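Shown next, in structure tokens, is the structure this report addresses.
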Amino acid sequence: MHLGKPKSSVSKKQTSTPGLLIDVSGKTGKPVHVKGLIVHQQNGSRDIKVFPLTGTYSMLPFKYLPAAVYAVVEAFAQEKIFAAWQKNYPLQKAVAIHELPYNQLRNHQYGLFSNIKPYVSLITWFYQAVDDMLITTTVLKPAVLSNYLPVLSFVCIRLPHGRIRILAMVNINDVSYHASDFKQHDFLLQSKAEFFLLKPEDADTLGQFPNGFMDTTEKEWPAFMQQVVQPLATRYEVNTRAVIKVEEIETQPQCKLYLSELNNSFLMLRMHWQYGEYELENAPEKVTVLTNETGEIHIKRAIEEEQTILGFIRSCHKKFEQQRNDYFYLSFDEAAKSQWFVKFYRKLIDKDIPVYGMEHLQHFRYNLHTPVITVTHKGNGIDWFDLQVTIAYGDEQVALADLQKAIFNRQSFLLLKDGTIGAIPEEWLTQYALLFRLGKTDKNSLRLSKVHWSVLQSMGGDDTIANQVIPLSQREKWNRVQEADESVFELPKQINASLRDYQKAGYNWMALLDEMQWGGCLADDMGLGKTLQTITFLQHIVNKYPDEKHLIICPTSLLYNWENELKKFAPQLTFIIHHGPQRVCDITTWQPYNIIISSYGTVRSDIELLQDYFFGYIVLDESHSIKNPVSQVTKAVQLLQSRNRIILSGTPIQNNTFDLYAQMHFLNPGLLGSREFFKAEFANPIDKFGNKEKAAQLRKIIYPFLLRRTKEQVAKDLPSKTEITLWCEMGAAQRKVYDAVKNYYRDSLLNRIEQEGVGKNAIYILEGLTRLRQVCNAPQLLKDENIAITESVKMDELLSELEENIGNHKVLVFSQFTGMLQLIARAMEERFIPYLYLDGGTPADKRNELVQQFQTKADEQVFLISLKAGGVGLTLTAADYVYLVDPWWNPAAEQQAIDRTHRIGQQNKVFAYKMICKDTVEEKILALQERKKSLADDLISEETGFVKKLTADDISFLFS
């Protein structure tokens, strides 16, 4: 019997390896939990047994490890953790390990991982985590605990739409990774199966960037820089080069010399350098870099200039020749010998080098006389006046130029000719600083422009000098103009309007400024009739100076508003619009006209033609358009010549005080000094430091030339509701689309109407009108893939209104097209303008919630509403401005929209703006409404119904 070969009884060897498991599943209640495990491997298969590290018994699998390694592993056991804890933080009662205070437990565990890092290669590591796909289950995989130390850094980048992002970066072995490439488990960073040990403080920092980044906006950047970036920069490398605003300063330095005493034996002289508003110490570098809350300031040092001045000071005493420190010094005896110090001081003053620190000198004499300053009126010119100024400390006379320089540099002391130190009274800095800064000195005479007469009041005492500067007749008129109820100048009879009291006061103010030959800024709130007041004044000027021609410059959107207002209120004034590609660039053609109306862009383009013409008045509407002194528009406007000027703006200051400079310089050149002077003296102190004293001084300078009334101040004079047309002029691209759609429908419609009549084609007519209205809003609404135009004049104008003119008012924005509302919403999101949104798809309960938000929350200023969804049933009395983006045939529908806010409970005056594209079907609809009042009254019917009432001539007119 053949039994065959016996089966082999050989089996493969089994191995068992102890290891550690990092549990980051988050289910243990501890920051990071470490367990023990044994890996059994046999016949190519692997079995893992996990067990808790409780005490000595659980450490048996690790007994074959080297003693040093065993010790650091044993420290993870709960018995050892509690023992260490009891030693450092005695416990009053027994608690579970997860009940221990989180931060102390985290720090203790971090210490355990730090201790084990040198031995990581001798230990088998696994980790347990929640499965990325099945969050209800956990996975167990091999792990690596890295010896590389992760180092945090941060990088700031710019994103689209004005957002700024700070990215957290992790540097490992000189390679940088985004923090978002890792998973953070408290002080452990995980990249796939590899774990890195973070310092606890770094873990806390990174925890503030849960997605690896933090976002802010351009507007919030200064505060973000101060609150987030700068604290980070004290501990980490923060790269802000991509977003930092770098201000480069290249200007001549002013040396400032500081005196002090050294060891009660020496007079010490230190030099500082004033570059603009920044004061620097001596330094060898060619560029000094400073940081502030908004960015970096790079100051280019004028090294040669600094060295020239240092050389001059070094030449003033032979002892200085050998001194090569950042300072000079002399013994008191050497400084006093042969009146060296007095002569040295005089040389410094002659070189315009201010001296500080004399109040701290103990070894020099003080003049005990009370200083006296006397200011008297010396004489007037056509547009200036002179003051005689004398200053005396007892018998010691001080030159006006010396006092002026001292006050400019805010010095508290002067060195007099007899070698004594004279204190400058603190009140002089308040009373005379502004006067001295604005005037021109000639020996002891101070010459000022007459526009600075209001500054004389800062001197205190009576108005004797001010009364000598301004003629009695003008002073009397000025006082009368201040009385709102008194009319000084007769209203022109040609004006076809009844001006309200505050409007009459505005007209009187402009007429008086004309007599005094000063320019003025009418800064009434939006909607108070600045245009009407100005037209009334222009009629007065045309009556007074019939041969003069006047130039009105405004944004393109307001050109036709001026046209309509002139026709309406001053029909006898003749005017021409100088604008558009067909304009005639020949000033001889202006001969028949009183007024030329143009846009800022046209004036910039035609400045070579316009700058040689001498106008009577130049009127700038929305004058904040020239707030940037270095813009091409501002430079062009400043070149224009005229006898006088008026500017109009409801928001002459939009962003900061510096906005005022270019506008006021256009009105009355020299009123605010040089650009650098105004920035250092007023703009920076007011905007950066909230200096109320400087703000008061600025108000004192400009108040005669700026008239502002708010709606609240003149509420009793206002009607409860004011409707205004906001004209919009399409750009070339949008106009091209409009003309193409118009021509298509005109050609096809007129033929069909001729054959079939209006009634049968009502739907087709309505379709054409709707498409034209959509193009007026935004060509994107056509949803034609062949049209890639995104230009929208209404979008631009609306956003400009919301960003620049609204202030603290609340606004309703209505459109018949939900697509237009959605475009507006996206554009507002890009500019980070908050808004609420309601259309026909908004549920009823959500409608009520939105209404309550708008009515009660101050920061909810803009409500976008579809005309049909919001035309009825809503009470929105918190709003006082209404914008109708696309007015339609039915005035009743428009009034229903306006009446969402203009109803019982409304405490404010309501201003409603109809946005109309010039030379389009929208303008023709308005004209047709005027021509057919009876038709307009019937427009409550369905749209197709009233379209049937149009004649073929009406259709031709609409599509012409």
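A short reminder: the numbers here are calculations on the coordinates, not readings from a lab. Given the structure is predicted, the values throughout are model-derived calculations rather than measurements. Cβ atoms come from the backbone with ideal geometry, glycine included; neighbour counts cover every protein chain shown.
Results, tabulated for the structure shown:
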read-out	value
Amide hydrogen neighbours beyond the local backbone of THR217, cut-off 5 Å, H modeled	ILE164
Which listed pairs, of LYS347/LYS405; LYS351/LYS688; LYS679/LYS700; LYS568/LYS868; LYS219/LYS857; LYS337/LYS443, have C-alpha distances above 25 Å, in listed order	LYS351/LYS688; LYS568/LYS868; LYS337/LYS443
Neighbour-count order for LYS794, LYS692, fewest beta carbons within 10 angstrom listed first	LYS692, LYS794
Net charge dipole size for the stretch 788-852 [Lys, Arg +1 and Asp, Glu -1 on Cβ; Debye, nearest 20]	240 debye
Positive-end extreme of charge dipole, the chain - chosen from PRO779, SER956, TRP453 (charges on Cβ)	PRO779
Computed magnitude of the charge dipole of the stretch 148-251 (debye, nearest 20; Cβ of K, R +1, Cβ of D, E -1)	260 debye
Selected from ILE789, GLN104, THR556, residue furthest toward positive end of dipole (the chain; charges at beta carbon)	GLN104
Per-residue Cβ neighbour rank within 10 angstrom, fewest leading, LYS183, LYS504	LYS183, LYS504
Separation between Cα centres of the stretch 619-670 and the stretch 141-197, rounded to whole Å	51 Å
Packing-based exposure ordering (other Cβ within 10 Å, fewest first) of ASP525, ASP402	ASP402, ASP525
Electrostatic dipole magnitude of the chain [Cβ: Lys, Arg +1; Asp, Glu -1; Cα centre; debye, to 20]	2700 debye
DSSP-defined antiparallel bridges as percent of all bridges, the chain, nearest 5	60 percent
Centre separation in Å (Cα based) which lies between the stretch 724-768 and the stretch 359-388	76 Å
Positive-end residue, the chain charge dipole about Cα centroid, Cβ charges, pick of ASN282, GLN503, LEU259	ASN282
